[in-house]
Amino acid sequence: MKLFLILPILLPMAAGALSAWLPLPSPKKRDGFIACAVILNSLLILLLILLKPSGILTLLHLTDSIVLSLRLDGLSVVFLGLIGFLWPLASFYAFEYMEHEENLPRFFAFYTMSYGITAGVALSANLITMYFFYELLTLVTVPLVAHEEDHRAMRAARKYILYSIGGAALSFVGIMMLYSRAGAKDYIFGGFAPVGEVDSYLLIAYLLTFIGFGVKAAIFPLHGWLPSAGVAPTPVTALLHAVAVVKSGVFASIRSTWFAFGPELLFGTWAQHAALFLSAFTILFGSAMALREQHWKRRLAYSTVSNLSYILFGSCLMTSAGLSAALSHMLFHGIMKITLFFCAGTVLCKTGREYVPQTEGLGRKMPLTFATYLIAGLALTGTPLLPGYISKTNLLTAAAQLNDPYALFGIVSLLLSALLTAAYLLPMSVRAYIVPEGSSLSFTEKDRDPGLRMLIPFGILILAMVIFGVHSGPLMDALSTLVHG
């Protein structure tokens, strides 16, 4: 049964590679091939989650003690569930968005291969295996960032790869420092680092690992690659900012915090306080930058910078309540943010407009797109009966349970960020339905809602937001138990 663990990794990698080389007679045939592979992989993930195969699948012995291996546990289920749900929606969206672009065989090859590598991050049984897939994810997504092949795209790709490899190097040093003290072990909930007197060597190792993985999670001041990557096509940025790359960063941070170093070692130390401060500061910084940004996708990128640190902050509280809250925001943010990027990308694709002031009155021409954007914006702001309210309340509650000044700073950051989120998301939704008197903006017949390949993902995502907003109890109960599995 544990042999099935390799299938969600191999299937999309093989399908992506084959799609670029097979002599498929038309774009529709290629899209159909990719769609079948992606849907089948999501069904495989669902089957894995339901069957819950036990045991570890060994892939390769690097040394006697360092092994590449796979395992399904509760945290894997959370991340796999997110990517398995969102990847097919992103792929169908991409079929319509990219239909007039060039180099599509290459694009969909790397786009689909990224699915398998992200699944590898989720299914890794130890830090070295996760590091291997983490680095591979960087390499396979660089061509997606550079897809346009112009000066901006190439510059963004170089920036992305330099940040990512630099961050991965820091985390690798931290991992080797941990292994030198504790040995090369598989994940254990609560960590496997030796606990005793305060060990500055291990605390330095943890902070290096946290900051290194924090590069993909866009923690300040190592966030600069994320807004720059917005030059990529929207199907890419939606996955970068909502599912694959950035969520791999926060997932890796949670793994190292809770399943390697362990909260017993870290709680109350200067290393925990440094991680909490960096996370809380990034929450405020990202929201403030989003408010001043007028480019729509970069505004959403800075919003992602802020919201990723919501997840890091919850994890670094080192409490079960904080971990459950972090995971809930990891899931809900993925759904909300990919929806917002889909809306921005739809406007860019159909109208060519990419700046916030250019959307005034456009809601009358694209009512479904902007209605979707409004609901997702309300959700991310933290409006009751929508999922953002659930996860942000969970984070505030978990932080309030600690009598700690760094947790208090986090609470202040979360509350101010909620106000700033409302300020940079909601007025834009209002302006989309109002044409100011004397406005010079004009509209054409092309300014209209997209086709079904984009609208169907909109509908599914809104339905998911509504369901999780009004009936999140079972999910929260599952999160509180899954992470111990």
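The values are calculated or read from the model by the stated rules, or taken from the named source; none is laboratory data. The structure presented is a predicted model; accordingly, all values stated were derived computationally and were not measured. Every residue, glycine as well, gets a Cβ built from its backbone with ideal geometry; the counts of neighbours run over all protein chains shown.
A few comments on the model shown:
- Of the residues making up segment 285-292, not a single one is buried (at least 24 other Cβ atoms within 10 Å of the Cβ) and closer than 22 Å to S171 by Cα.
- Exactly one residue out of H295, H273 is surrounded by fewer than 23 Cβ atoms within 10 Å (Cβ to Cβ), of a type outside the set (A, V, I, L, M, F, W, C) and over 30 Å from I188 (Cβ atoms): that is H295.
- Residue match in segment 270-277 (condition: under 22 Å from H333 (Cα atoms), of a type in the set (A, V, I, L, M), touching a residue at least 60 places away in the same chain (Cβ under 8 Å) and assigned to a helix (DSSP H, G or I)): yes
- Selected residue [touching a helix residue (DSSP H, G or I) at 6+ places or on another chain (Cβ under 8 Å) and under 16 Å from I335 (Cα atoms)] from T359, T397, T383: T383
- The lone exception for L266 - which of (1) farther than 14 Å from G410 by Cβ; (2) surrounded by fewer than 24 Cβ atoms within 10 Å (Cβ to Cβ); (3) not aromatic (F, W, Y) it fails: (2)
- Single residue of segment 22-35 satisfying the filter (free of Cβ contacts under 8 Å to residues at least 12 places away in the same chain and assigned to a helix (DSSP H, G or I)) that is nearest to W87 (Cα to Cα): G32
- Any chance S320 is in contact (Cβ under 8 Å) with a residue 12 or more places away in the chain and under 19 Å from the mean Cα position of the chain (by Cα): no
- Taken together, L178, L144, L123, L170 contain a single residue that is buried (at least 23 other Cβ atoms within 10 Å of the Cβ), hydrophobic (A, V, I, L, M, F, W, C) and more than 30 Å from S42 (Cα to Cα), which is L178.
- Only a single item in (1) at pLDDT 95 or above; (2) touching a Leu at 6+ places or on another chain (Cβ under 7 Å) is not met by L60, and it is number (1).
- Residue count for segment 314-355 satisfying the condition of being assigned to a loop (DSSP other than H, G, I, E, B) and on the phi < 0 side of the Ramachandran plot: 4.
- Candidate set: segment 181-203, residues that are within 26 Å of the chain's Cα centre (by Cα) and more than 11 Å from P263 (Cα to Cα); chosen: the one surrounded by the most Cβ atoms within 10 Å (Cβ to Cβ): Y187
- Qualifying residue in segment 379-394 (condition: assigned to a helix (DSSP H, G or I), among the β-branched types (V, I, T) and touching a residue at least 24 places away in the same chain (Cβ under 8 Å)): yes
- Within segment 339-356, considering residues that are surrounded by fewer than 24 Cβ atoms within 10 Å (Cβ to Cβ) and touching a helix residue (DSSP H, G or I) at 6+ places or on another chain (Cβ under 6 Å), the one modelled with the lowest pLDDT: C349
- In summary, helices (runs of 4 or more DSSP H) completely within segment 187-265 and bearing 2 or more residues that are farther than 25 Å from L139 by Cβ and without any contact (Cβ under 8 Å) to a residue 60 or more places away in the chain occur at 200-214.
- Flag for Y160 being in a helix (DSSP H, G or I) and either small (G, A, S) or over 27 Å from the mean Cα position of the chain (by Cα) (or both): no
- Flag if V347 is assigned by TED's automatic domain parsing to the domain that holds P427, without any contact (Cβ under 8 Å) to a residue 60 or more places away in the chain, among the hydrophobic types (A, V, I, L, M, F, W, C) and over 20 Å from W225 (Cα atoms): yes
- Residues of segment 292-306 satisfying the condition of being more than 21 Å from the chain's Cα centre (by Cα) and in a helix (DSSP H, G or I): R292
- Hey, L139 crowded, with 23+ Cβ neighbours inside 10 Å, under 19 Å from the mean Cα position of the chain (by Cα) and assigned by TED's automatic domain parsing to the domain that holds G120 or not: no
- Residue within segment 370-378 that is without any contact (Cβ under 8 Å) to a residue 60 or more places away in the chain, farther than 30 Å from S315 by Cβ and either polar (S, T, N, Q) or in contact with a helix residue (DSSP H, G or I) (Cβ under 7 Å, 6 or more places away or on another chain) (or both) present: yes
- In segment 79-90 there is at least one residue that is in the same structural domain as G249 (by TED's automatic domain parsing), touching a Leu at 6+ places or on another chain (Cβ under 6 Å) and at pLDDT 90 or above.
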